[in-house]
Structure formats: structure tokens, C-alpha cells
Amino acid sequence: MFPEMYSDPQARYSIWMERNPQPLGFLTSLCDHGRVRISTLGPDGTSSAAAARHIGSSVDGDPPLLLRDSYEDAAEDVAAHRADCLVVANAYAGINRFYISKKLVLATAFPFMTPPYGVAIRRDTKRPENTFNLATHPAPRHLINDWFTVQQLSNLVVIEASSTSAAAKMVDAGEVCACITTEPARRKHKLAFITQTVRIPMLWSVFVSTNHKIFLWST
């Protein structure tokens with residue numbers, strides 16, 4: 001049985017949004033050179049990419065996304081002025097290094113409902129029953145306990161992936177049997193969910209470089 005806290009995330013998200021309107025209007029003042037460039041964790045199909053597109057939708061045009069192998073790589077885009085802002089999930093265990101940084105400063109934060117998460121396998125394979133490998137990003141790893149029985153968990157070997165989309169790619173390539181991934185990544189790699197899915201109301205932080213004009217104006 002999935003925990004009650006996940007039973008109706010859409011309702012909780014709606015309440016959250018009513019109480020916390022999204023402060024996304026600042027994006028229009030982020031740059032003087034045209035479209036805002038947003039860097040975050042990739043590849044395409046991650047929740048971070050979906051969140052970045054969401055925040056980008058608040059401005060005209062289609063802001064280009066720089067999708068990197070890690071948040072740290074994405075942060076370097078901002079520090080080197082290849083991107084105007086960095087979008088990071090607050091669930092990321094290493095987010096403190098962006099809050100406490102000489103190169104970055106927090107610009108704003110916003111709530112965003114993630115795409116559905118679930119356990120997926122290749123469509124041409126059967127649901128694994130014996131010992132099998134499962135790839136996952138560290139953040140949603142604890143959900144394994146809700147999707148599998150104690151007996152199934154005893155047969156499970158967890159392999160860490162750099163993102164939920166990278167985990168799906170590992171399944172598609174035959175490197176592992178299963179993964180925890182998002183609906184966009186599942187669809188991209190033509191996988192099939194074998195568990196129920198859950199969407200997570202999450203907070204996301206947006207960072208800019210410390211010498212950015214919106215930071216200088218506030219000092």
C-alpha cells in the first residue's frame with residue numbers, strides 16, 4: 001500500500017500554489033541579450049528539465065536549456081556566464097554547495113509538481129523475479145520500499161545513476177533490468193512502468209551568478 005501522504009498530491013499541490021504564488025516574473029530582467037538561458041540536470045526527461053521548462057514558460061519565446069550531467073556542471077555554466085540561471089531541486093543532497101557559494105546566489109524559489117515517477121523495464125522483457133539490478137538517482141531511492149515487498153527487496157541490487165533519465169537510458173541499453181524514472185524518460189526510451197506512479201510536489205531553487213545585476217541591485 002502506498003503511503004497516505006502520496007494519495008492525492010495534486011490536491012495538496014493546488015493548495016500550495018494558492019498559498020504560494022510563483023515569483024517567476026523576475027526572469028524577464030535576467031539578461032540583456034535576448035532569451036534567458038537556463039542550465040540544470042539532464043539529460044532530457046529529468047524532473048529538473050521539466051521544472052526548467054516550467055519556469056522558462058513565464059517569459060516570451062522558448063528559453064534554451066543547457067542540460068548537464070550534474071548540477072555542479074550546470075552551476076559552472078552560470079559561473080562562466082554560459083547560462084543566466086541554475087535550477088536545482090531542493091531534494092538534491094548537495095544543494096548546500098550552491099546556497100553557500102562564492103560564485104552563486106539564490107534568486108528565487110518556486111514549487112513545481114514533478115512528472116510521474118515509477119519503476120520501469122524494457123517492454124520486451126518480463127517483470128524480474130529473481131536477483132536483478134535497478135538503477136536510480138539517490139533522491140527517489142527510498143521509494144523502493146513502497147514499491148517492492150521484503151522478499152523482492154532481498155533480490156534487489158541498487159545501482160546509482162546520475163539522474164532519473166540516465167537510469168532509463170541504462171535500462172534501454174541493457175545495462176540494468178529496471179530503473180526508477182519519470183514519465184518523460186520512460187516515454188523517450190520506450191519503457192513500461194511495472195509499478196504505480198507518484199508525482200511529488202517539490203520546491204526548486206533558482207541561482208544566478210554573484211555578480212549578476214539582479215543581485216547587485218539588491219545590495
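The values are calculated or read from the model by the stated rules, or taken from the named source; none is laboratory data. Because the structure is predicted, anything quoted here is derived from the model rather than measured. Here the Cβ positions follow ideal geometry from the backbone for every residue, glycine too, while neighbour counts run over all protein chains shown. Each accessible area value is taken on the protein alone, full model and side chains, heavy atoms only, with ligands, DNA and RNA left out. Shrake-Rupley method; radii C 1.70, N 1.55, O 1.52, S 1.80 Å.
Which one of these is open to solvent by 80 Å² or more (accessible area, probe 1.4 Å), more than 30 Å from Thr210 (Cα to Cα) and in contact with a helix residue (DSSP H, G or I) (Cβ under 8 Å, 6 or more places away or on another chain): Asn130, Asn145? It is Asn145. Taking the range 124-138 as the range and being more than 20 Å from Ala89 (Cβ to Cβ) and either touching a Ser or Thr at 6+ places or on another chain (Cβ under 7 Å) or in a loop (DSSP other than H, G, I, E, B) (or both) as the test, the residues that pass are Asp124, Thr125, Lys126, Arg127, Pro128, Glu129, Asn130, Thr131.
For Ile121, the conditions (1) crowded, with 16+ Cβ neighbours inside 10 Å; (2) part of a loop (DSSP other than H, G, I, E, B) are fulfilled apart from (2).
Scan the range 166-184 and give yes if some residue there is on the phi > 0 side of the Ramachandran plot, of a type in the set (Gly, Ala, Ser) and exposed (fewer than 14 other Cβ atoms within 10 Å of the Cβ), otherwise no. The answer is yes; a qualifying residue exists.
Could you list, in sequence order, all residues of the range 36-49 that are buried (at least 24 other Cβ atoms within 10 Å of the Cβ) and assigned to a loop (DSSP other than H, G, I, E, B)?
Gly45, Thr46
Residues that are open to solvent by 20 Å² or more (accessible area, probe 1.4 Å), of a type outside the set (Val, Ile, Thr) and either part of a helix (DSSP H, G or I) or farther than 12 Å from Val206 by Cβ (or both) within the range 90-116 comprise Ala91, Tyr92, Ala93, Asn96, Arg97, Tyr99, Ser101, Lys102, Lys103, Pro116, listed in sequence order.
Against the condition of a type in the set (Gly, Ala, Ser), under 19 Å from Ala89 (Cβ atoms) and open to solvent by less than 40 Å² (accessible area, probe 1.4 Å), how does Ala192 come out, does it pass? Can you show your working first?
On the way: of a type in the set (Gly, Ala, Ser): yes; under 19 Å from Ala89 (Cβ atoms): no; open to solvent by less than 40 Å² (accessible area, probe 1.4 Å): yes.
Spelling it out, it is not the case that Ala192 is of a type in the set (Gly, Ala, Ser), under 19 Å from Ala89 (Cβ atoms) and open to solvent by less than 40 Å² (accessible area, probe 1.4 Å).
Taken together, the residues in the range 148-165 that are free of Cβ contacts under 8 Å to residues at least 12 places away in the same chain, of a type in the set (Val, Ile, Thr) and surrounded by 13 or more Cβ atoms within 10 Å (Cβ to Cβ) amount to 0. Considering the conditions (1) surrounded by 17 or more Cβ atoms within 10 Å (Cβ to Cβ); (2) over 13 Å from Ala166 (Cβ atoms); (3) at pLDDT 90 or above, Glu72 is excluded by exactly one of them, (1). Residues being under 24 Å from Ala173 (Cα atoms) and either small (Gly, Ala, Ser) or open to solvent by 50 Å² or more (accessible area, probe 1.4 Å) (or both) are entirely absent from the range 79-89.
Taken over the range 50-69, the criterion of being modelled with pLDDT under 95 and either open to solvent by less than 30 Å² (accessible area, probe 1.4 Å) or in contact with a helix residue (DSSP H, G or I) (Cβ under 7 Å, 6 or more places away or on another chain) (or both) is satisfied by Ala50, Ala51, Ala52, Ile55, Gly56, Ser58, Val59, Pro63, Leu65.
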